Amino acid sequence: MPAVEHRLILKHADTPGYTPDLACYQRHGGYDVLKKALALAPKTTPDGKTLSPQEQLRQEVTTSGLRGRGGAGFSCGMKWSLVDRKSGKPIYLVCNADESEPGTFKDRQIIYKDPHQLLEGMIISSFANDVRLAYIYIRGEFVEGAKILNRAIAEARAAGFLGRNILAAGFDLEIHVHRGAGAYICGEETGLIESLEGKRPYPRIKPPYFPAVLGLYQCPTIVNNVETLCHVKHIVAMGGAEYAKLGTPNNTGTRIVCLSGQVQRPGYFEVEVGKATLREIIFDPAFGGGLRDGRKLKTIIPGGVSSKVFKAGEKVKLKGRGPDGKETVNELDVLDLPYDFTSLMAAGSMSGSGAVIVLDDSTDIVAALANISTFFAHESCGQCTPCREGSLWMSKALDRLTHGGGRAQDADYLAKIADNIPGGRTICAFGEACSWPVQSFVGKFKDEFAAKGAADQARRQNNGQAATKT
Amino acid sequence: MSEAATAKVFKPAPPVDRITVKVDGQVVVVPKLSPDWQGKLVPTTMIQACEAAGVTIPHYCYHPQLPVAGNCRMCLVEFGTPALGPDRKPVTNPDGSAVINKSPRPAIACATPVSPGMEIYANTPGVKAMRQGVLEFLLINHPLDCPICDQAGECKLQEYSVEYGQSATRFVEAKVHKPKAVDLGPRIMLDDERCILCTRCIRFTRDFVGDDALGIVNRGSYNTIATYPGHKFDNNYTLNTVDLCPVGALTSKDFRFEMRVWFLRETKSVCPSCGTGCNLLIGSRENRIYRYTPRDNPAVNGPWMCDAGRLDYKWIARDDRLKDARGSRPEVRTWRDVLAELAGRLRPATAGSVAIVASARLTNEELYLIRKLAQRLGAATDTIPHLGDGDRLLVNADKNPNTAGARLLGISAKPAGANLNDFAAGIRDGLIKTLIVFREDVTRFGLGADLLGRLDTLVASNVLPNETTKLAHFVLPGCAPAEKRGSFTNIHGRVQRITKAVEPPGDARPEWEFLGELLELITDRRAPATIEGLFNQMAGEVPAFHGLRWAALGDSGVTMPLEPGK
Ligand SMILES: Cc1cc2nc3c(=O)[nH]c(=O)nc-3n(C[C@H](O)[C@H](O)[C@H](O)COP(=O)(O)O)c2cc1C
Ligand code: SF4
Ligand code: SF4
Ligand code: FES
């Protein structure tokens, strides 16, 4: 069956005439799910326990199998279950709308075109977690997005969906929009929290600063991505079990894939998770429509620039279970990987923020990596040693390599620097983010790096000889 | 009442929870909770457990007296925890030992709590490689200007380079350049290129001092320590950041380029600049003091001291120090003759005709001798309080280092200084004929030149000249605390030793020495000739000091109840 789009989150966003205001949202059933959630009555389970409305909502989210859409794909139900609910301190919800992973442009579709959907998801999530104060931390560059959200919040407030005693259900909630500080690291959840507190976005060490226990203002805090919070609305609307039928086991629901690079039709597509392969996303006429004429695929960056690249033609082994329960090993072309959390992880990369970047054979792979590394060297917060020093070191070396200063040994040189950064050596996952591209580019295209370095070296030697001759 | 509740009532107080862990194969038992930098009990960390096992984990940013930052990554270790079965019980090997799941990721020892059965691997090839990696990263942009760096010899970069460094660099890129010789404040210079961004200085001034003066600007490898534009790093504790800085980035303007640290002799002593008595090290070479640095004493100052106290040593080397003993006639100028003449005048004095203005800047031993002298002469005594500004950290408003000692030894009036009016009246009325003044300029405290002119005998002992020493018939040059031994009793009753680091100038002598000799000349009884003997005699005689022995004071002192009996 060919892959098709399945629009759940973006159901209305691109419909002609659909506007981001409350009236339009309500014409399309907006805030009905909130009404349903707030009207829930305590429920008694077969084993005699009473579940509060909040517990029921949280259970639905757990049942749904929802995994975070911000990058790590962490189970949302699990994240919520880790919140310290006994501390006596307020619990905060923070919506991560920093969307800075290069190649990612999905959250902004929701914010700009359907802001009330995000608000509804947040209000339900806040109710489910006894949150009275929530924040939207929006990327600083999204100036207009912040205005749209503030307008939507004002509308929701006026309509009684926010503020005191929401829908007369005795639930109070305020949502504040906070514009980001213009750095990629502000998207890392603990860096975000620091930034929200008015400080430099230095990610926090974990332990002890797990947001679920010691988050914003040292209170229990939930940080969820924009898209994740929108899914909560649909989970509550459909019921967790029904939602879990979307997608594939362990990779439920839909997700917005951002396709960019050298394809015919770059853009975003909402698909059931795992129901489309990378090949379909890139080549299917309904999606990317293939490469430009006469071009061949060279590389796929499958989950934002911090994910490890795939090389065209690369074979990956996926472990699975046959119908008899026995372990099976399935070897596939990388293009045949279903685009989901589990498969990409098993293939040694990740689906990250859902950003698929396609590079064709016209690409200078050294220059591509140099570009990525410049970004990371600029964005490292500089707090911890390996990332601070390593990210700039790699970037400088790559800059040299792209400007004629290469050496034959530079591929190894780069790999060795990169090897000293990830794997828990740093405070936050930026360490992985900046070193994985280098490890994978250099690892998979070693010949190109080596050839570039050797050519530079030879040229310098020849020039030297020419210079001595004259 | 339910059974459970009843049972609870009779439950004995729980013992301190302990955790057994292994460090490099060695079993150690540590408390489940340990004090953090503020003394609050928090889960014991790996670095503390390693310390308990005698295994030192290299570190830059961690400091037990500061909040944990976890940024340098030098302390990364590998570890494992007991494998749990489906029943949440530990799984055991055939030999009964626990099966350990080795963590795929390392952890920073400075911030990671230990858990029961945890195994910490602090010296595996993997751990060493991580340390090497961190050190290499720290050095690539470092200027490597050790030959002209003040930190050389006490630098953690140098120290760990010996253990984990490589002799050749593979870094072939251009180094990052940052500001050099940045004037951070009146006492601190910063070399941003040497800085390893451990944030110790930031945390110290923000969290300990409460002055959020330092921060980091710029991004990534260009990160730079700075003050807010237009602001100076200027509080009374800034120099502690020089000690805290693990490298040579922060230097003391007072000390930089003055002396290589390995030439300094370090003498344990106590700061005499206020009633707190911060423990310190006197750094000296060839009879010159180059610096004071704090000496860790958790009961007094922790590892810190204030800037004012730290820099209060310059006067010791002043040219106008009192160097010569002087009697009433020009020909009396050796100590023997001066003391003999003075003893001759004091011996026949009648009770009430002698008054002594002592000083709470003198040691317990010296004040004890003055007490004996006063008892023999029937002299009234007092001291002059010196009050200034205090703070909520270390600085006490009392600028005398031994106010408590002077009070406990009965030298001070109640309150201190209350007798001065009586002294003035006594002199005016001709009742007081002899005044002995230690370390004070009484002309500034109501005993002006006109009054002093009425005295038959004015004796002044001091280290620096003042109006009183100018008017005195007898001048007895004494010592700075750094030039003698003895003890002070701080404002909280802690008795602490001071130690001689340098020789006094000229004929100046420790007050306790000449006081002992003077006493012997007057009483024909020999006072103990050593500080140990003197202290122990005092402890036997003066109730407030009962039970103390000089030897027992050790390097960090002993606290006495300030009101005996309590
Ligand atoms: C360097 C870095 C940058 C990140 N940037 C973002 C971001 O822009 N938006 C986002 O939602 N999550 C980002 N994340 C992931 C967040 O830390 C966090 O996992 C996420 O917001 C959790 O939401 P989710 O569970 O709903 O996915 C980033 C993580 C790292 C390490
Ligand atoms: S890994 Fe990089 S971005 Fe993350 S805290 Fe360390 S220096 Fe900052
Ligand atoms: S100046 Fe020194 S103490 Fe401060 S961050 Fe730099 S290295 Fe650390
Ligand atoms: S000592 Fe710096 S990270 Fe632990």
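The values are calculated or read from the model by the stated rules, or taken from the named source; none is laboratory data. Given the structure is predicted, the values throughout are model-derived calculations rather than measurements. Backbone-built Cβ (ideal geometry, glycine too); neighbour counts: all protein chains shown. Each accessible area value is taken on the protein alone, full model and side chains, heavy atoms only, with ligands, DNA and RNA left out. Shrake-Rupley method; radii C 1.70, N 1.55, O 1.52, S 1.80 Å.
Phi-derived couplings, Karplus 6.51 cos²θ - 1.76 cosθ + 1.60 at θ = phi - 60°, listed residue by residue for region B:151-163: 7, 3, x, 10, 9, 6, 5, 4, 4, 6, 4, 4, 7 Hz, with x used for Gly and Pro. Assuming 0.890 mPa s and 25 °C, estimate D for region B:407-515 with Stokes-Einstein, Rh taken as the Kirkwood radius over Cα pairs, in µm²/s. Estimated diffusion coefficient is 160 µm²/s. Our coupling estimate for region A:313-318, obtained by passing each phi through the Karplus curve with A = 6.51, B = -1.76, C = 1.60 and θ = phi - 60°, is x, 5, 9, 10, 9, 10 Hz, Gly and Pro reported as x.
Taking a threshold of 30 Å on the Cα-Cα distance, which of the pairs A:233/A:296; B:180/B:268; A:206/B:253; A:43/A:79 fall above it? Walk me through the intermediate numbers first.
Values: A:233/A:296 41 Å; B:180/B:268 34 Å; A:206/B:253 38 Å; A:43/A:79 23 Å.
Long pairs (Cα-Cα over 30 Å): A:233/A:296; B:180/B:268; A:206/B:253.
Residues of region B:141-181 that bury at least 40 Å² of accessible area when the other protein chains are present, relative to the chain alone (probe 1.4 Å, heavy atoms, ligands and nucleic acids excluded): B:170, B:172, B:173. The mean sequence separation of alpha-carbon pairs under 8 Å and at least six residues apart, normalised by the residue count of chain B, gives a relative contact order of 10 percent. Let me see the P(r) profile for region A:22-245: every Cα-Cα distance counted, bins of 10 Å, each bin given as a percent of all pairs. Once binned at 10 Å, the Cα pair distances of region A:22-245 give 8, 35, 39, 16, 2, 0.
Would you please state the base-10 log of I(q)/I(0) at q = 0.21, 0.22 1/Å for region A:251-358, with intensities from the Debye formula using one equal scatterer on every alpha carbon? Listed by q, the Debye log ratios stand at -1.09, -1.19. Accessible surface buried at the A:B interface totals approximately 2900 Å², computed with a 1.4 Å probe on protein heavy atoms. Gyration tensor over the Cα atoms of region A:365-457: the corresponding equivalent ellipsoid has semi-axes (square roots of 5 times the eigenvalues, largest first) of 22, 12, 10 Å. Amide H contacts for residue B:250 (H built 1.01 Å from N in the peptide plane; partners 5 or more residues away or on another chain; cut-off under 5 Å): B:191. Would you mind pulling out the separation of the Cα centroids of region B:295-326 and region B:95-136, in Å? Region B:295-326 and region B:95-136 have Cα centres separated by 45 Å.
Kirkwood hydrodynamic radius computed over chain A comes to 23.6 Å, based on all pairs of distinct alpha carbons. Converting phi to 3J(HN,Hα) with the Karplus coefficients 6.51, -1.76 and 1.60 and the offset θ = phi - 60°, region B:470-476 yields 5, 7, 6, 7, 10, 10, 10 Hz in sequence order, with x at every glycine or proline. Between the amide H of residue A:330 and those of A:318, A:319, A:320, distances stay under 5 Å, these residues lying 5 or more places away or on another chain, with hydrogens modeled in the peptide plane. Label separation (residue A:409 vs residue B:154): 3.9 nm, computed from points 7 Å beyond Cα along the C-beta direction. DSSP beta bridges confined to chain B are antiparallel in about 75 percent of cases. Along each principal axis, taking the top coordinate minus the bottom one, the Cα set of region B:96-138 gives 43, 21, 15 Å in descending order.
Projected label points at residue B:563 and residue B:285, each 7 Å from Cα along the beta carbon direction, are separated by 5.1 nanometres.
What do the square roots of 5 times the Cα gyration tensor eigenvalues come to for region B:66-116, in whole Å, largest first, as semi-axes of the equivalent ellipsoid? Before the final figure, lay out each step's value.
Values: eigenvalues 165, 24, 14 Å².
Result for region B:66-116: semi-axes of 29, 11, 8 Å.
Amide H contacts for residue B:356 (H built 1.01 Å from N in the peptide plane; partners 5 or more residues away or on another chain; cut-off under 5 Å): B:380, B:381, B:382, B:436.
For chain A, the relative contact order works out to 15 percent when only alpha carbon pairs closer than 8 Å and six or more residues apart are counted. Volume of the convex hull of the protein assembly as shown (Cα atoms only), normalised per residue: 263 Å³. Taking every protein chain into account, the accessible area of region B:143-317 amounts to 42 square angstrom per residue (probe 1.4 Å). Using the alpha-carbon positions of region A:43-139, Rg (one decimal) and Dmax (whole number) come out as 15.1, 50 Å.
After finding the eigenvalues of the alpha carbon gyration tensor for region B:350-432, what semi-axes result from the square roots of 5 times each, listed largest first in whole Å? Show your work: numbers first, answer last.
Numbers: eigenvalues 136, 47, 10 Å².
Each semi-axis is the square root of five times an eigenvalue, giving 26, 15, 7 Å.
Across all C-alpha atoms in region B:36-164, the radius of gyration and Dmax reach 17.6, 62 Å.
Annotation: the antiparallel percentage among DSSP beta bridges lying fully within region B:335-559 is about 30.
Applying D = kT/(6 pi eta Rh) to chain B, where Rh is the Kirkwood radius over alpha-carbon pairs, T corresponds to 25 °C and eta to 0.890 mPa s, the Stokes-Einstein value obtained is 89 µm²/s. Orientation-averaged projection of region A:321-362 equals 3.9 nm² [convex hull of Cα atoms, one quarter of hull surface area]. Calculated on C-alpha atoms, the gyration radius of region B:337-479 divided by its Kirkwood radius gives an Rg/Rh of 0.96.
As a test of the formula, what do you get for chain B when each DSSP H run with n ≥ 4 contributes -39,500 (n - 2.57) and the sum is divided by the residue count, at 222 nm and rounded to the nearest 500 deg cm²/dmol?
When only DSSP H runs of four or more count, the value is -6000 deg cm²/dmol.
To the nearest whole percent, what portion of all C-alpha pairs in region B:143-317 is separated by more than 25 angstrom? Provide the component values of the computation, followed by the final result.
Working: 5472 of 15225 pairs.
Beyond 25 Å sits 36 percent of the P(r) for region B:143-317.
With the full set of protein chains in place, find how many percent of the accessible area of chain B is carbon and sulfur; take the probe as 1.4 Å. The nonpolar share, carbon plus sulfur, comes to 54 percent.
Here the label points at residue B:102 and residue A:158, each 7 Å from Cα along the C-beta direction, are separated by 6.4 nm in the simple model.
Pair-distance distribution of region A:135-205: all C-alpha pairs, bin width 5 Å, starting at 0; shares per bin in whole percent are 4, 17, 21, 16, 15, 13, 10, 3, 0. Note on the protein assembly as shown: antiparallel DSSP beta bridges, both residues inside, total approximately 65 percent of the bridges counted. Dividing the summed -39500 (n - 2.57) terms of all DSSP H runs of n ≥ 4 by the residue count of chain A sets its mean residue ellipticity at 222 nm at -12000 deg cm²/dmol.
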